[in-house]
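J.: This structure is in C-alpha coordinates; I'll ask about it shortly.
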Amino acid sequence: MSFQNVATSSTSHVFDIFEVLHFIHILFKAAVKFVPRLAITLLERRHIDGDKNPSLRDIRIYEFELGEKTAPYGTMPASTTPELRQAMANTSMCDHFCTFAHKGLKKHIHSFGVTVHWVLVEPRPHLWLIPTACIKESGIVSDKLPYHSVLEVRLQEGLVVLFDGTGRQFGWNSNDWIMEGYKFSEKYGNYYIELDDTVAEEEDLLNHASPYWNTVMVSLWDLLDTCLCSSELEALSPVARVHQVRKWAERRAREQIAKRCLVVWPSELLRQLCMLRAGRAFKSVHES
(Lines give C-alpha, C1' and ligand atoms only; values in the text may rest on other atoms or scores of the structure.)
Protein backbone atom coordinates (compact mmCIF):
# COMPACT_ATOMS: atom_id res chain seq x y z
CA MET A 1 0.00 0.00 0.00
CA SER A 2 1.41 3.38 -0.97
CA PHE A 3 0.12 6.93 -0.89
CA GLN A 4 1.42 9.54 -3.29
CA ASN A 5 3.44 12.51 -2.05
CA VAL A 6 3.32 11.52 1.60
CA ALA A 7 6.41 11.41 3.80
CA THR A 8 6.11 8.20 5.79
CA SER A 9 9.66 7.42 6.86
CA SER A 10 10.85 7.05 10.43
CA THR A 11 13.71 8.71 12.24
CA SER A 12 14.75 5.37 13.73
CA HIS A 13 13.40 2.59 11.44
CA VAL A 14 14.26 1.62 7.88
CA PHE A 15 10.61 0.83 7.12
CA ASP A 16 7.97 3.47 6.45
CA ILE A 17 4.75 3.67 8.46
CA PHE A 18 2.65 1.87 5.86
CA GLU A 19 5.06 -1.05 5.76
CA VAL A 20 4.91 -1.25 9.56
CA LEU A 21 1.10 -1.26 9.42
CA HIS A 22 1.32 -4.02 6.83
CA PHE A 23 3.52 -6.06 9.18
CA ILE A 24 0.95 -5.62 11.97
CA HIS A 25 -1.84 -6.67 9.64
CA ILE A 26 0.09 -9.83 8.70
CA LEU A 27 0.80 -10.66 12.36
CA PHE A 28 -2.85 -10.32 13.33
CA LYS A 29 -4.03 -12.44 10.39
CA ALA A 30 -1.66 -15.18 11.54
CA ALA A 31 -3.12 -15.02 15.05
CA VAL A 32 -6.68 -15.27 13.69
CA LYS A 33 -5.73 -18.18 11.44
CA PHE A 34 -4.77 -20.35 14.41
CA VAL A 35 -7.41 -19.32 16.96
CA PRO A 36 -8.79 -22.44 18.73
CA ARG A 37 -12.44 -22.55 17.72
CA LEU A 38 -15.63 -24.43 18.41
CA ALA A 39 -17.09 -26.37 15.51
CA ILE A 40 -19.82 -24.54 13.61
CA THR A 41 -22.92 -26.73 13.51
CA LEU A 42 -25.19 -24.30 11.67
CA LEU A 43 -24.48 -21.61 9.08
CA GLU A 44 -27.44 -20.66 6.92
CA ARG A 45 -28.95 -17.67 5.18
CA ARG A 46 -31.86 -15.92 6.88
CA HIS A 47 -34.32 -14.23 4.57
CA ILE A 48 -35.48 -10.86 5.87
CA ASP A 49 -38.66 -9.07 4.87
CA GLY A 50 -37.26 -6.00 3.15
CA ASP A 51 -40.53 -4.13 3.51
CA LYS A 52 -40.51 -4.52 7.29
CA ASN A 53 -36.74 -4.04 7.59
CA PRO A 54 -35.71 -1.72 4.73
CA SER A 55 -32.36 -0.99 6.37
CA LEU A 56 -31.43 -4.68 6.04
CA ARG A 57 -32.76 -5.19 2.51
CA ASP A 58 -29.34 -5.16 0.83
CA ILE A 59 -27.48 -7.13 3.52
CA ARG A 60 -26.99 -10.88 3.29
CA ILE A 61 -27.72 -12.15 6.81
CA TYR A 62 -26.52 -15.52 8.07
CA GLU A 63 -27.33 -17.30 11.31
CA PHE A 64 -24.63 -19.45 12.88
CA GLU A 65 -24.52 -21.80 15.84
CA LEU A 66 -21.53 -23.26 17.63
CA GLY A 67 -21.09 -26.77 18.96
CA GLU A 68 -19.57 -27.66 22.30
CA LYS A 69 -16.30 -29.20 21.11
CA THR A 70 -13.15 -27.68 19.70
CA ALA A 71 -12.52 -28.42 16.03
CA PRO A 72 -9.48 -27.67 13.87
CA TYR A 73 -9.75 -23.99 12.93
CA GLY A 74 -13.49 -23.99 13.52
CA THR A 75 -14.68 -26.72 11.20
CA MET A 76 -17.56 -25.47 9.03
CA PRO A 77 -20.11 -27.16 6.78
CA ALA A 78 -18.47 -28.39 3.57
CA SER A 79 -20.63 -26.09 1.45
CA THR A 80 -19.35 -22.93 3.15
CA THR A 81 -17.95 -20.46 0.61
CA PRO A 82 -14.47 -18.92 1.01
CA GLU A 83 -16.10 -15.52 1.64
CA LEU A 84 -18.19 -16.92 4.50
CA ARG A 85 -15.20 -18.76 5.95
CA GLN A 86 -13.26 -15.50 6.12
CA ALA A 87 -16.27 -13.64 7.52
CA MET A 88 -16.70 -16.28 10.21
CA ALA A 89 -12.99 -16.19 11.12
CA ASN A 90 -13.10 -12.41 11.61
CA THR A 91 -16.49 -12.08 13.33
CA SER A 92 -16.25 -10.26 16.69
CA MET A 93 -12.47 -9.88 16.25
CA CYS A 94 -12.33 -6.11 15.66
CA ASP A 95 -11.70 -5.25 19.33
CA HIS A 96 -8.95 -7.88 19.41
CA PHE A 97 -7.40 -6.27 16.35
CA CYS A 98 -7.50 -2.75 17.75
CA THR A 99 -6.05 -3.90 21.07
CA PHE A 100 -3.25 -5.76 19.32
CA ALA A 101 -2.44 -3.03 16.80
CA HIS A 102 -2.82 -0.05 19.15
CA LYS A 103 -0.60 -1.50 21.88
CA GLY A 104 1.89 -2.79 19.31
CA LEU A 105 2.27 0.65 17.75
CA LYS A 106 2.62 2.62 20.98
CA LYS A 107 6.38 2.42 21.30
CA HIS A 108 7.00 3.19 17.62
CA ILE A 109 4.55 5.91 16.56
CA HIS A 110 6.58 8.88 17.82
CA SER A 111 9.47 8.13 15.46
CA PHE A 112 7.02 8.28 12.54
CA GLY A 113 5.35 11.50 13.65
CA VAL A 114 1.87 9.98 13.57
CA THR A 115 -0.99 9.72 16.03
CA VAL A 116 -3.22 6.68 16.40
CA HIS A 117 -6.77 6.60 17.77
CA TRP A 118 -9.25 3.77 18.29
CA VAL A 119 -12.51 4.80 16.64
CA LEU A 120 -15.90 3.19 16.08
CA VAL A 121 -17.56 2.97 12.69
CA GLU A 122 -21.24 2.61 11.83
CA PRO A 123 -20.70 -0.04 9.15
CA ARG A 124 -22.59 -0.72 5.95
CA PRO A 125 -22.15 -4.51 5.77
CA HIS A 126 -22.40 -6.59 2.64
CA LEU A 127 -23.10 -9.54 4.91
CA TRP A 128 -23.79 -9.96 8.64
CA LEU A 129 -23.26 -13.08 10.75
CA ILE A 130 -25.49 -13.40 13.83
CA PRO A 131 -25.25 -16.12 16.52
CA THR A 132 -28.40 -18.18 17.00
CA ALA A 133 -28.22 -17.33 20.71
CA CYS A 134 -28.64 -13.63 19.94
CA ILE A 135 -31.63 -14.26 17.70
CA LYS A 136 -33.27 -16.46 20.33
CA GLU A 137 -33.40 -13.58 22.79
CA SER A 138 -36.20 -11.99 20.77
CA GLY A 139 -36.92 -14.55 18.08
CA ILE A 140 -36.15 -12.04 15.33
CA VAL A 141 -33.19 -10.39 13.68
CA SER A 142 -32.74 -6.87 15.05
CA ASP A 143 -32.34 -3.95 12.66
CA LYS A 144 -29.49 -2.69 14.83
CA LEU A 145 -26.01 -3.04 13.40
CA PRO A 146 -22.91 -3.42 15.59
CA TYR A 147 -20.31 -0.71 15.79
CA HIS A 148 -17.04 -1.75 14.16
CA SER A 149 -13.64 -0.95 15.74
CA VAL A 150 -10.82 0.39 13.55
CA LEU A 151 -7.73 2.52 14.08
CA GLU A 152 -7.42 6.04 12.75
CA VAL A 153 -3.85 6.97 11.81
CA ARG A 154 -3.07 10.66 11.31
CA LEU A 155 0.16 11.66 9.58
CA GLN A 156 1.93 14.99 9.98
CA GLU A 157 0.93 16.01 6.45
CA GLY A 158 -2.72 15.89 7.48
CA LEU A 159 -3.48 12.61 5.76
CA VAL A 160 -5.94 10.45 7.70
CA VAL A 161 -6.13 6.71 7.04
CA LEU A 162 -8.25 4.02 8.64
CA PHE A 163 -6.53 0.76 9.55
CA ASP A 164 -9.05 -2.10 9.58
CA GLY A 165 -7.96 -5.65 10.33
CA THR A 166 -11.32 -7.42 10.31
CA GLY A 167 -13.47 -5.88 7.58
CA ARG A 168 -13.93 -9.29 5.98
CA GLN A 169 -16.48 -10.11 8.70
CA PHE A 170 -18.81 -7.80 6.76
CA GLY A 171 -17.88 -9.17 3.33
CA TRP A 172 -15.68 -6.16 2.53
CA ASN A 173 -12.78 -6.26 0.09
CA SER A 174 -9.72 -7.87 1.68
CA ASN A 175 -7.45 -5.30 0.00
CA ASP A 176 -9.17 -2.41 1.78
CA TRP A 177 -7.47 -3.01 5.12
CA ILE A 178 -6.05 0.51 4.92
CA MET A 179 -7.83 3.41 3.21
CA GLU A 180 -7.95 7.17 3.32
CA GLY A 181 -10.61 8.17 5.82
CA TYR A 182 -12.99 9.87 3.40
CA LYS A 183 -12.82 6.94 0.97
CA PHE A 184 -13.57 4.50 3.78
CA SER A 185 -16.58 6.59 4.83
CA GLU A 186 -17.91 6.69 1.28
CA LYS A 187 -17.53 2.95 0.77
CA TYR A 188 -18.00 1.24 4.13
CA GLY A 189 -19.46 3.44 6.85
CA ASN A 190 -19.40 6.62 8.84
CA TYR A 191 -17.13 7.30 11.77
CA TYR A 192 -16.00 9.00 14.27
CA ILE A 193 -16.83 7.91 17.70
CA GLU A 194 -13.44 7.95 19.34
CA LEU A 195 -13.10 5.84 22.47
CA ASP A 196 -12.47 8.02 25.51
CA ASP A 197 -10.50 5.40 27.43
CA THR A 198 -8.54 3.16 25.09
CA VAL A 199 -6.41 1.73 27.90
CA ALA A 200 -9.50 0.57 29.81
CA GLU A 201 -10.91 -0.99 26.64
CA GLU A 202 -7.66 -2.87 26.01
CA GLU A 203 -7.41 -4.07 29.60
CA ASP A 204 -11.03 -5.22 29.60
CA LEU A 205 -10.50 -7.28 26.46
CA LEU A 206 -7.27 -8.84 27.70
CA ASN A 207 -8.84 -9.67 31.07
CA HIS A 208 -11.61 -11.60 29.33
CA ALA A 209 -9.61 -13.05 26.45
CA SER A 210 -8.75 -16.72 26.16
CA PRO A 211 -5.25 -17.95 27.13
CA TYR A 212 -4.47 -18.22 23.42
CA TRP A 213 -5.07 -14.54 22.78
CA ASN A 214 -3.20 -13.39 25.85
CA THR A 215 -0.12 -15.39 24.92
CA VAL A 216 -0.20 -14.89 21.16
CA MET A 217 -0.51 -11.10 21.47
CA VAL A 218 2.54 -10.88 23.71
CA SER A 219 4.51 -13.16 21.41
CA LEU A 220 3.57 -11.20 18.29
CA TRP A 221 4.26 -7.83 19.91
CA ASP A 222 7.76 -9.15 20.57
CA LEU A 223 7.99 -10.33 16.96
CA LEU A 224 6.96 -6.88 15.70
CA ASP A 225 9.82 -5.32 17.66
CA THR A 226 12.17 -7.91 16.19
CA CYS A 227 10.94 -7.23 12.65
CA LEU A 228 11.50 -3.49 12.93
CA CYS A 229 15.12 -4.04 13.95
CA SER A 230 15.82 -6.91 11.57
CA SER A 231 18.78 -6.52 9.22
CA GLU A 232 17.54 -9.69 7.50
CA LEU A 233 14.27 -8.02 6.57
CA GLU A 234 16.02 -4.80 5.63
CA ALA A 235 18.08 -6.67 3.03
CA LEU A 236 15.00 -8.19 1.36
CA SER A 237 12.70 -6.73 -1.28
CA PRO A 238 9.31 -5.46 -0.03
CA VAL A 239 7.56 -8.54 -1.44
CA ALA A 240 10.07 -10.90 0.17
CA ARG A 241 9.66 -9.07 3.49
CA VAL A 242 5.93 -9.79 3.45
CA HIS A 243 6.52 -13.49 2.87
CA GLN A 244 9.15 -13.65 5.62
CA VAL A 245 7.04 -11.80 8.19
CA ARG A 246 4.08 -14.08 7.42
CA LYS A 247 6.29 -17.15 7.88
CA TRP A 248 7.57 -15.92 11.24
CA ALA A 249 4.10 -14.90 12.41
CA GLU A 250 2.46 -18.21 11.59
CA ARG A 251 5.27 -20.06 13.34
CA ARG A 252 4.71 -17.98 16.48
CA ALA A 253 0.94 -18.56 16.38
CA ARG A 254 1.42 -22.32 15.96
CA GLU A 255 3.67 -22.31 19.01
CA GLN A 256 0.76 -21.13 21.16
CA ILE A 257 -1.24 -24.17 20.03
CA ALA A 258 1.74 -26.37 20.86
CA LYS A 259 1.70 -24.89 24.37
CA ARG A 260 -1.85 -26.26 24.68
CA CYS A 261 -3.50 -22.86 24.92
CA LEU A 262 -6.70 -24.47 23.67
CA VAL A 263 -9.30 -22.84 25.89
CA VAL A 264 -12.20 -21.49 23.82
CA TRP A 265 -15.32 -19.62 24.78
CA PRO A 266 -18.25 -22.03 25.08
CA SER A 267 -21.56 -21.23 23.45
CA GLU A 268 -23.03 -19.74 26.63
CA LEU A 269 -20.13 -17.31 26.95
CA LEU A 270 -20.56 -16.33 23.32
CA ARG A 271 -24.23 -15.60 24.03
CA GLN A 272 -23.25 -13.37 26.95
CA LEU A 273 -20.69 -11.57 24.80
CA CYS A 274 -23.31 -11.03 22.13
CA MET A 275 -25.74 -9.53 24.63
CA LEU A 276 -22.99 -7.37 26.17
CA ARG A 277 -22.03 -5.93 22.80
CA ALA A 278 -25.71 -5.37 22.02
CA GLY A 279 -26.05 -3.24 25.14
CA ARG A 280 -22.74 -1.39 24.82
CA ALA A 281 -22.15 -0.90 21.16
CA PHE A 282 -25.24 -1.43 19.03
CA LYS A 283 -26.97 1.48 17.37
CA SER A 284 -30.19 1.58 15.39
CA VAL A 285 -29.59 2.20 11.72
CA HIS A 286 -32.58 4.52 11.82
CA GLU A 287 -30.95 6.87 14.33
CA SER A 288 -29.06 9.85 13.05
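J.: Looking only at segment 88-123, how many residues end up being under 15 Å from the mean Cα position of the chain (by Cα), assigned to a helix (DSSP H, G or I) and under 19 Å from L162 (Cβ atoms)?
T.: Going through segment 88-123 one residue at a time, the tally reaches 12.
J.: Please tell me if E83 is among the acidic types (D, E) and over 25 Å from I193 (Cβ atoms). So that I can check it myself, show each step before the final result.
T.: Values: among the acidic types (D, E): yes; over 25 Å from I193 (Cβ atoms): yes.
Answer is yes for this residue.
J.: Out of F184, F170, which single residue is of a type in the set (F, W, Y) and over 15 Å from the mean Cα position of the chain (by Cα)? Outline the logic, then answer.
T.: On the way: F170 fails: over 15 Å from the mean Cα position of the chain (by Cα).
The unique qualifying residue is F184.
J.: Checking S230 against (1) surrounded by 17 or more Cβ atoms within 10 Å (Cβ to Cβ); (2) more than 18 Å from E250 (Cα to Cα); (3) of a type in the set (G, A, S), which single condition isn't satisfied?
T.: Of everything listed in (1) surrounded by 17 or more Cβ atoms within 10 Å (Cβ to Cβ); (2) more than 18 Å from E250 (Cα to Cα); (3) of a type in the set (G, A, S), S230 misses just condition (2).
J.: Another question about this same structure. Restricting the search to segment 64-79, which residues are surrounded by fewer than 17 Cβ atoms within 10 Å (Cβ to Cβ) and either closer than 24 Å to A31 by Cβ or in contact with a Leu (Cβ under 8 Å, 6 or more places away or on another chain) (or both)?
T.: Of all residues in segment 64-79, those surrounded by fewer than 17 Cβ atoms within 10 Å (Cβ to Cβ) come to 67-73, 75, 77-79.
Within segment 64-79, G67, E68, K69, T70, A71, P72, Y73, T75, P77 qualify.
J.: Restricting to segment 52-85, give me the number of residues that are outside any strand (DSSP E or B) and within 13 Å of V35 (Cα to Cα).
T.: First, pick out the residues of segment 52-85 that are outside any strand (DSSP E or B): 52-59, 72-85.
Keeping just the survivors that are within 13 Å of V35 (Cα to Cα) gives 72-75.
Qualifying residue count, segment 52-85: 4.
J.: Find the residue count for segment 194-237, including only residues that are assigned to a loop (DSSP other than H, G, I, E, B) and under 25 Å from E152 (Cβ atoms).
T.: Of all residues in segment 194-237, those assigned to a loop (DSSP other than H, G, I, E, B) come to 195-197, 209-210, 229-230, 235-237.
Imposing the further condition that a residue be under 25 Å from E152 (Cβ atoms) reduces the set to 195-197, 209.
Residues in segment 194-237 being assigned to a loop (DSSP other than H, G, I, E, B) and under 25 Å from E152 (Cβ atoms): 4 in total.
J.: Follow-up. Going by the conditions given, is I178 β-branched (V, I, T) and at pLDDT 95 or above? If you could, list the steps in order and put the result at the bottom.
T.: Working: β-branched (V, I, T): yes; at pLDDT 95 or above: yes.
Yes.
J.: Now a separate question. Does A249 fit the bill of being over 18 Å from the mean Cα position of the chain (by Cα) and at pLDDT 95 or above? Full working, then the answer.
T.: Numbers: over 18 Å from the mean Cα position of the chain (by Cα): no; at pLDDT 95 or above: yes.
Answer is no for this residue.
J.: What residue, among those in segment 209-239 that are hydroxyl-bearing (S, T, Y) and more than 19 Å from the chain's Cα centre (by Cα), is nearest to K33 (Cα to Cα)?
T.: T226
J.: Let me ask another. Is it true that H148 is buried (at least 20 other Cβ atoms within 10 Å of the Cβ) and at pLDDT 90 or above? Even if it seems obvious, please write down each step before you answer.
T.: Working: buried (at least 20 other Cβ atoms within 10 Å of the Cβ): yes; at pLDDT 90 or above: yes.
Considered against the rule, which asks whether it is buried (at least 20 other Cβ atoms within 10 Å of the Cβ) and at pLDDT 90 or above, H148 comes out as yes.
J.: Let me ask something additional. I want to confirm something. Restricting to segment 233-256 and keeping residues that are farther than 19 Å from L105 by Cα and hydrophobic (A, V, I, L, M, F, W, C), which single residue is surrounded by the fewest Cβ atoms within 10 Å (Cβ to Cβ)?
T.: Step by step, filter segment 233-256, then rank; the result is V239.
J.: Scanning segment 91-103 for residues that are out of contact with any Asp or Glu (no Cβ under 8 Å at 6 or more places or on another chain) and surrounded by fewer than 22 Cβ atoms within 10 Å (Cβ to Cβ), which turns out modelled with the lowest pLDDT?
T.: Step by step, filter segment 91-103, then rank; the result is S92.
J.: Here's something else I'd like to know. Taking interchain pairs and intrachain pairs at least six residues apart, which have beta carbon atoms under 7 angstrom, with the first residue in segment 158-186 and under 15 Å from F28 (Cα atoms) and the second of a type in the set (K, R)?
T.: S174/R168
J.: Applying the selection to segment 146-190, what residues are farther than 16 Å from L105 by Cα and charged (D, E, K, R)?
T.: Passing the criteria: E157, R168, D176, E180, K183, E186, K187.
J.: Oh, and also: Just to verify a result, which residue in segment 208-227, among those that are more than 18 Å from S92 (Cβ to Cβ) and touching a Gly at 6+ places or on another chain (Cβ under 9 Å), is surrounded by the fewest Cβ atoms within 10 Å (Cβ to Cβ)? Explain how you work it out, then say what you get.
T.: Of all residues in segment 208-227, those more than 18 Å from S92 (Cβ to Cβ) come to 215, 218-227.
Filter once more, so that each one left must be touching a Gly at 6+ places or on another chain (Cβ under 9 Å): 220-221, 224-225.
Details: L220: 25, W221: 18, L224: 23, D225: 13.
By that ranking, first place goes to D225.
The values are calculated or read from the model by the stated rules, or taken from the named source; none is laboratory data. Bear in mind the structure is a predicted one, so any value in this text is a computation, not a measurement. We place every Cβ from the backbone using ideal geometry, glycine too, and count neighbours over all the protein chains shown.
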